[in-house]
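Asker: Right, I'll just put the structure down here and ask away after.
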Amino acid sequence: MMSIFELRASEVLPGRHLGKAARLPKVVAAAQTLVVAFAVTLLMALLASLPTRVEAQKSSSIAPDTSRRIMQAVVAVQVQVDAQAPSSRSLGQTRLGTGIVIDRDLILTVGYLLIEAEDVDIVDSRRRKLPADVVAYDPVSGFGLVKTLVPLGLDPLPLGDSDTLKLPKRLMTLGHSEPELTELFLVSRKPFAGTWEYLVEAPLMTVPAVNNWSGAGLFDDDGSLVGVGSLVVADATGGFNPKPGNLYLPVNLLKPILADLLQTGRRSGPPQAWLGIHSQPHPSGGLQIQRISPESPAAAAGLQRGDRIVSLDNQSVADLSDFYKRLWAKGPAGSRVEITYLRDGVSRRIQMVSADRMASMRKPKGV
C-alpha cells in the first residue's frame with residue numbers, strides 16, 4: 001500500500017475512454033482518497049508550522065481508567081547476549097526495550113531485542129525485576145515473545161484491529177519507564193524494506209518521532225494494542241512533505257501465527273529464504289552491498305562489501321522490495337538462486353542456495 005502522498009494524477013482522474021457507469025465507482029473512490037489526502041495534508045501542514053524540533057504531546061484525552069490499565073501492562077525488557085554471539089556486533093551485548101503483557105505472564109515485544117539472548121529480565125511499573133525466557137522470535141514479522149518464570153500478576157491488554165485504522169488517526173504510545181502516554185498520529189501505511197532482507201508491506205507509520213520506540217506499545221482510544229514499536233524512520237509520510245517518525249508493527253501480523261509461536265517457537269511451514277546480504281539501492285540501479293553476514297550463503301559464495309547486485313535470475317533488480325519479493329517467490333530456504341553482480345566494473349555471476357536465517361544464530365535461552 002502506498003502513502004496517500006504518492007498518488008499519481010492518472011490514479012485520481014478517470015480516463016475519457018471509460019463509460020459513465022464504469023467511471024462512477026472510480027470517481028467516488030478518487031473523491032474518498034482526496035478527502036483522506038486533504039486531511040493528512042492538513043495535519044502535516046499543522047505539524048510543519050510548529051518549531052523545527054517537533055515534540056510529541058503527552059495525551060490527556062484518554063480515559064483515566066484506560067490509561068491506568070495500559071500503564072500497568074507495559075514493562076521494560078532487559079536482555080544480555082554473549083559477547084561472542086554474532087548479533088552482539090550489530091545489536092549490542094546489552095539491550096533494553098519495552099514489552100506489553102498480552103496474556104498471563106506473556107509479553108509481546110520487538111524481536112531484534114531477543115536475538116541470541118542469554119538472559120532476559122522483565123521490570124514492571126512497580127520496579128519488580130522478574131526472570132523470563134524467550135518464547136519465540138519471528139524474523140518475518142519482526143515480533144518476539146517472552147514469558148516470565150514467576151507469575152506477573154498483571155492484567156493483559158487486548159489486541160486491537162490494526163487493519164481498520166484510518167488515516168489520519170490519533171493514537172497513543174507508551175515505552176518503558178515513561179510516566180504517561182504520548183499522543184501520535186498515524187499518517188501512512190507505506191511499505192518499508194530494511195537493508196537486512198526484511199519487508200513490511202503495510203506498517204503503521206506515525207509522527208512526530210519519539211525516542212523510546214523499541215518495543216513500545218501503540219494503542220487506540222479503547223486501550224487495545226494495535227502496534228509494537230520497531231524503528232525510527234527518516235520519512236514516515238512519503239511524498240512532497242517528508243517528516244521523521246516511527247514504524248510500528250501492526251498486531252494483525254501476529255494473530256495468524258501466534259498459536260504456532262506459542263507451541264513451537266516459530267511460524268509453521270518451511271523457513272523463509274535468506275542470503276545474508278545487507279544492501280541499499282545504488283544510484284545507477286541495482287543494490288550496493290554494505291555488509292555480508294558471517295556463515296551465510298552470500299559469504300560462502302564469495303560476495304563482498306561494495307559489490308553491486310544488478311540482477312536476480314537474469315532479471316534486473318529494481319530496489320530492495322523487488323529483490324526480496326522475487327527471492328522469496330523462488331521458494332523457501334534451500335532454494336537455488338543466481339545473482340549477477342559488478343565488482344570493479346566487471347560483471348560476474350554466481351549461484352547460491354538460500355538458507356534459514358535462524359540457523360546462523362544461537363538459539364535464545366528458552367526457545
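Asker: Express in whole angstrom the spacing between the alpha-carbon centres of the stretch 300-343 and the stretch 73-97.
Answerer: Between the Cα centre of the stretch 300-343 and that of the stretch 73-97, the gap is 30 Å.
Asker: Same structure again: Suppose R0 equals 45 Å; then what is the FRET efficiency for SER347 and SER177 from their Cβ-Cβ distance, rounded to the nearest 0.05?
Answerer: 0.30
Asker: With label points built 7 Å along Cα→Cβ from the Cα atoms of THR164 and HIS282, find their separation and express it in nm.
Answerer: The two pseudo-label positions are separated by 4.8 nm.
Asker: Please name whichever of GLY160, PHE143, VAL120 sits farthest to the positive end of the charge dipole of the stretch 78-191, dipole taken about the Cα centre and charges placed at Cβ: Lys and Arg +1, Asp and Glu -1.
Answerer: In the stretch 78-191, that residue is GLY160.
Asker: Here is a follow-up. Ordered by packing density, taken as the mean number of other Cβ atoms within 10 Å over each peptide's residues, highest first, how do 115-121, 173-179 rank?
Answerer: In descending order of packing, they fall as 115-121, 173-179.
Asker: Of TYR324, ALA355, VAL337, which is farthest along the charge dipole of the stretch 297-367 in the positive direction, counting Lys and Arg as +1 and Asp and Glu as -1 at C-beta?
Answerer: ALA355
Asker: Just list whichever of LYS147/LYS325; LYS147/LYS190; LYS190/LYS330; LYS166/LYS255; LYS129/LYS166 have alpha carbons separated by over 29 Å in the model shown.
Answerer: LYS147/LYS325; LYS147/LYS190; LYS129/LYS166
Asker: Listed highest first by mean packing, meaning other Cβ atoms within 10 Å per residue, what order do 188-196, 71-79, 341-349, 303-311 come in? List each step's numbers first, then the result.
Answerer: Working: 188-196: 19.6, 71-79: 22.4, 341-349: 11.8, 303-311: 17.3.
By packing density, highest mean first, the sequence is 71-79, 188-196, 303-311, 341-349.
Asker: Which residues among the stretch 254-293 fall inside the zone where the amide N is under 12 Å from a point 7 Å beyond the Cα of ALA234, along Cα→Cβ?
Answerer: Of the residues in the stretch 254-293, 281 have backbone N under 12 Å from the label point off ALA234.
Asker: Residue separation times 0.36 nm, minus the C-alpha to C-alpha distance between ASP155 and GLU338: what's the value?
Answerer: 60.8 nm is the gain from fully extending ASP155 to GLU338.
Asker: Near the amide H of VAL233, under 5 Å away, which other amide H atoms are found, from residues 5 or more places off or on another chain, if H is placed in the peptide plane?
Answerer: So VAL233 has HN proximity to GLY245, ASN246, LEU247.
No value in this document is a laboratory result; all are computed from the given coordinates. Because the structure is a prediction, the values reported are computed rather than measured. Reconstructed Cβ throughout: ideal geometry from the backbone, glycine too, with neighbour counts over all protein chains shown.
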